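Data block below; observations after.
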Amino acid sequence: MASQSSSNPSASADWPGRYHHIDHILDTPGPRTDPEFAAGDQVKNFLRKESKILVIGAGGLGCEILANLALTGFKDIHVIDMDTIDISNLNRQFLFRPKDVGQPKATVAAEFIMKRVPGVKVTPYFGKIQDKDDDYYMQFNLVICGLDSVEARRWMNATLVNLVDPDVPDSLKPMIDGGTEGFKGQARVILPTITSCYECSLDMLNKPTAFPICTIANTPRLPEHCIEWASVLEWPRVHGDKKMDTDDPEHIGWLYKVAAARAAEFKIEGVTWSLTQGVVKNIIPAIASTNAIIAAACCNEAFKISTSSAAFLNNYFMLIGTDGVYSYTFEHEKRDDCPVCGGQAVDITLNPETTVEQLIETLTERQDLQIKKPSLSTPTKQIYLQAPPQLEKSTRPNLEKKVSELVPPGGEVTVTSSTLPMSLSLRISYST
Amino acid sequence: MINDSKNVEESTTALATEEAPDNKTRRYDRQLRLWAASGQSALESSRLLVISGTATSTSILKNLVLPGIGHFTILDPRKVTPEDAGNNFFLEGPSSIGKSRAEEAVRLLCELNDGVEGKADLRSLEEVLDKDKEWLTEFSLVIAHNLEGGLLERLSKLLWEDESYPTLAIVRSSGFLAEFYIQYHEHTVIESHPETAQSLQIDKPFPALLRDSLALDFENMDVTDHGHIPYVYILVRVLEDWKKAHNGSPPSTYAERQEFKKLILAMRKKSDEENFEEAESQAYRAWTATTVPSEIRALFSDSKVTNITSTSPPFFHLVHALSKFVEEQPNHALPLTSTLPDMKADTNKYINLQKLYKERAEEEKKIFKSYLTVSVDDAMVDAFVKNSHALKLLRGKRWGSLDEDPKALAELVETSSKQLSTHLALSALTSLATKQQPNAPLTPTIEALTAEAQALLPAGVELPAEFGDAVGEVARAPNADLPNTAALLGGIVAQEVIKMITKQYIPIYGSCIIDLIETWTGMLPV
């Protein structure tokens, strides 16, 4: 306890009765409790003195997750977040106050929790999850993700799957993942290599709305088309290399003005400041209550897994609160050909006439793979590389070649891309 | 030149009407996208009472203070115990012990949003029920967590006495299990935020749409124009031709529908005309008859609609007018709306079509309004017409009526055994709490709880098989207000309270049961 109290001068030893409510659960098994459950001091000591938990994200879900974990008795909590606090966070990220705007979320959240819940140590890291290596992730018993980005989830998932060493039981780190949108959300438990992983379920994500560039340039019909015109075409034309900052009100103001003028020209109604901001920032509505539900579900699973006090979620819980309270709990199945946890190459059958360029297009359209700008190579040659520029240039002629000229039937192609958390193996066959 | 100057003028007017949002709008941006300014203003005028200052209660309040309710009061005479200080985030650990639980919680909750007014009332609910009942009726909504059976019955009966009295949200939890119920007489929703859009009425085209569709000279049209005709015109035209050739009937069999699709594709001048491909994929709109949904039709015969009086709430006047509109207008359909989905088209053709729909929608709205016998706010009429396919009328029952109805419980044993098991285990706990000294620790045995639950069922009906799982958990941790259960209830109850106050989205109908061992939620119908 001494090392923990040093981080918080007001911390004292647990006062009598502090864990009265939770001890009801930890002192006695219930009808559905695993027989392995070590009721009493053993489980309490593990939870309060030994376990170490990592929270990814200190935003809408993260704030809730940190508070729940602290009250539940986790005392060694680490949190990673690369963002700073914005005024639009304050309607739900309840550890932050107006005076904190501009400060790092991880740091402010950690300080708040340590002040409010004595004796809990929260170690913040203001930065990216990609800054940390395997040794870092190896120190935790469990990881909870409260993220708003698909890419970060894919990276975290792939990292934890790769960490698993069958000879080292501790290398398996359960990952609990939550996500919300408006009145809807989901929580899931991933046991890397054992249950379905995040990558296994990529095809469940909604396809993002993309407007064809010719519509934006030539035949706008919706206010969104005018806003895209302003941000995708006009901004770079007028401002050159200057980067658009969607958090800068002046930039949004400029985009709004340009979009509104275009809308007026085409007699399109409905361009507003709020819509402009929504489209360019890809804003997802978010409220405290939905975050509370999903964060609580995640932390409850973390508590059950860490204590064995009750069975845990197998393995996916989704909730829709727009029409009553509707939820669905089910087992999402592992995909044998999952590029992350399946350990097999993805089979793909091509027409022998298919060009490299067409293959690239097919790959970027596949909802279960979600690849942007892929680079392709075989064990012996580079087929097409997106970067660096000189290699892009030297491999560009291959785009027009048929894949069948470059890869024999049954041959493997390695796909890499900045959106892929791993390299993907394709096994190519040809239809005849 | 004239056109140019008009454009500039229009764009500057647009600029003047909307500037960068103020701080309040920025703070609430992510929620305004869900319930708009109307929902926000409803929240800001609401006054909530919460009994009492438990971890679950403060979790619920947190999710209501953050989005900005107007006022809340916590009614709680207790002092903070060491146990409270350990499980409630809105107490400050050991330094809160011995202080008023309501005052400490109000102070810390108010830090979340300085636009919200919070008050601590240190009386007991019993005292209020005995001496100051009227005070309870001044709130818009009352939330009660884990009240013992006798008090809960008094409170729920009192608030049921008059339709104008506050809605009551009843929350019960024990360890990993929980249940909540919202007691209301009647709840009407116009802005239900449906996932489905209104019909484009392609099968019943309005005169201007039919006229313009028939006037199109597809054969002699310029190729570029041809590839940019919105599918609505194409479908109206093909359907019209089809009906002429088929005694006025739309395609009805599978074979006919395939043939209909082929006719559409045969009209292409080039193989890559996306608007015709889109027309083919949207062809179902041509043969799907525009009808009034059965749930909306059922509203027309509701006694509050058929017996409309000048003092009836606007909702019923609007439904009454809608029923007249459907009955008397030649299409026998709901009023047309101007919401047009995006489709392959050039700007002019799309905007013209949008204008046609808008003008017609305005005309139909005028006709609709002529059926109204009282004056209703324009914004409300607009919202009503826009959502007339997804209106909602819910009629609730008094809390406790389920447990007083052995026959209904017996039916639920058959149909919803899992949900009912949790409900019965929690009901058994609530009633056992009434039978002992107030504030005494509750340590019920499985046998005692089972006997209470069994007594609610008719003679000869056995408790469901899953009851053992539920009652075992209740006996394991009868009083445990677990942080995660409290937090989850905090979110789920706050969502429902927001839906009740804003009258947007659809609240629960019945009891919501929560099991955090297997992580599921379920409903017991009213």
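Values for this structure:
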read-out	value
Counted residues, the range B:469-517 - those being more than 26 Å from the chain's Cα centre (by Cα) and farther than 19 Å from B:A428 by Cα	3
Residues of the range B:112-135 satisfying the condition of being touching a Phe, Trp or Tyr at 6+ places or on another chain (Cβ under 8 Å) and part of a helix (DSSP H, G or I)	B:V128
Enumerated helices (runs of 4 or more DSSP H) restricted to the range B:272-354, each holding at least 3 residues that are at pLDDT below 95 and at negative phi	none
Residue within the range B:89-97 that is over 21 Å from B:A494 (Cα atoms), among the small types (G, A, S) and touching a residue at least 60 places away in the same chain (Cβ under 8 Å) present	no
Residues being of a type in the set (S, T, Y) and either under 18 Å from B:E411 (Cβ atoms) or touching an Asp or Glu at 6+ places or on another chain (Cβ under 7 Å) (or both) - total across the range B:430-467	3
In the range B:139-159, residue surrounded by the fewest Cβ atoms within 10 Å (Cβ to Cβ) [restricted to those that are part of a helix (DSSP H, G or I) and touching a strand residue (DSSP E or B) at 6+ places or on another chain (Cβ under 8 Å)]	B:S156
Qualifying residue in the range B:243-255 (condition: outside the structural domain of B:K358 (by TED's automatic domain parsing) and closer than 25 Å to B:N348 by Cβ)	no
Residues located in the range B:382-418, provided they are in contact with a strand residue (DSSP E or B) (Cβ under 8 Å, 6 or more places away or on another chain), in a helix (DSSP H, G or I) and among the aliphatic types (A, V, I, L, M)	B:A383, B:L412
Candidate set from the range B:185-205 (those that are within 14 Å of another protein chain (Cβ to nearest Cβ) and in contact with a Phe, Trp or Tyr (Cβ under 7 Å, 6 or more places away or on another chain)); member that is farthest from B:E161 (Cα to Cα)	B:H193
Top-ranked residue in the range B:483-497 [being hydrophobic (A, V, I, L, M, F, W, C) and touching a strand residue (DSSP E or B) at 6+ places or on another chain (Cβ under 8 Å); ranked as nearest to B:K392 (Cα to Cα)]	B:V497
Number of the condition not met by B:D515 [criteria: (1) buried (at least 20 other Cβ atoms within 10 Å of the Cβ); (2) of a type in the set (D, E); (3) within 9 Å of chain A (Cβ to nearest Cβ)]	(3)
Residue pairs meeting the criteria (Cβ under 8 Å; at least 6 apart or on separate chains; first hydrophobic (A, V, I, L, M, F, W, C) and surrounded by 15 or more Cβ atoms within 10 Å (Cβ to Cβ), in the range A:121-132; second assigned to a strand (DSSP E or B) and at pLDDT 95 or above)	A:V122/A:I77; A:V122/A:H78; A:V122/A:V79; A:F126/A:D81; A:F126/A:P104; A:I129/A:I56; A:I129/A:I80
The range B:493-511: number of residues that are closer than 27 Å to B:G472 by Cα and in contact with a Leu (Cβ under 8 Å, 6 or more places away or on another chain)	2
Boolean, B:A480 is in contact (Cβ under 8 Å) with a residue 60 or more places away in the chain, buried (at least 21 other Cβ atoms within 10 Å of the Cβ) and not in a helix (DSSP H, G or I)	yes
Strands (runs of 3 or more DSSP E) wholly inside the range A:297-403 containing at least 3 residues that are under 26 Å from the mean Cα position of the chain (by Cα) and within 14 Å of another protein chain (Cβ to nearest Cβ)	A:316-320, A:326-330
Count - residues of the range A:279-290 that are facing chain B (nearest Cβ under 7 Å) and in a helix (DSSP H, G or I)	3
Candidates B:H226, B:H185, filtered to the one that is at pLDDT 95 or above, assigned by TED's automatic domain parsing to the domain that holds B:Q282 and either basic (K, R) or farther than 27 Å from B:A102 by Cα (or both)	B:H226
Filter pass, A:I293 being surrounded by fewer than 21 Cβ atoms within 10 Å (Cβ to Cβ), in the same structural domain as A:D165 (by TED's automatic domain parsing) and not in a loop (DSSP other than H, G, I, E, B)	no
Candidates A:T349, A:T364, filtered to the one that is in contact with a Lys or Arg (Cβ under 8 Å, 6 or more places away or on another chain) and surrounded by fewer than 19 Cβ atoms within 10 Å (Cβ to Cβ)	A:T364
Options B:A486, B:A494; residue that is crowded, with 20+ Cβ neighbours inside 10 Å, touching a residue at least 60 places away in the same chain (Cβ under 8 Å), at the interface with chain A (Cβ under 7 Å from one of its Cβ atoms) and in contact with a helix residue (DSSP H, G or I) (Cβ under 9 Å, 6 or more places away or on another chain)	B:A494
Residue check for A:A210: farther than 30 Å from A:V143 by Cβ, within 26 Å of the chain's Cα centre (by Cα) and small (G, A, S)	yes
Helices (runs of 4 or more DSSP H) lying entirely in the range A:169-239 (those with 1 or more residues that are away from chain B (no Cβ under 12 Å), modelled with pLDDT of 95 or more and touching a Phe, Trp or Tyr at 6+ places or on another chain (Cβ under 6 Å))	A:223-228
Residue, surrounded by the fewest Cβ atoms within 10 Å (Cβ to Cβ), within the range B:43-87, restricted to residues that are assigned to a loop (DSSP other than H, G, I, E, B) and within 8 Å of chain A (Cβ to nearest Cβ)	B:T81
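One line per residue, one yes/no per condition, for (1) under 31 Å from the mean Cα position of the chain (by Cα); (2) within 30 Å of B:D302 (Cβ to Cβ); (3) modelled with pLDDT of 95 or more; (4) surrounded by fewer than 16 Cβ atoms within 10 Å (Cβ to Cβ):
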site	(1), (2), (3), (4)
B:L409	yes, yes, yes, no
B:V413	yes, no, yes, no
B:A425	yes, no, yes, no
B:A433	no, no, no, no
B:Q436	no, no, no, yes
B:N439	no, no, no, yes
B:L442	no, no, no, yes
B:V461	no, no, yes, no
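The values are calculated or read from the model by the stated rules, or taken from the named source; none is laboratory data. From a predicted model like this one, the values you see are computed outputs, not experimental measurements. As a convention, Cβ positions derive from the backbone with ideal geometry for all residues, glycine included, and neighbour counts pool all protein chains shown.
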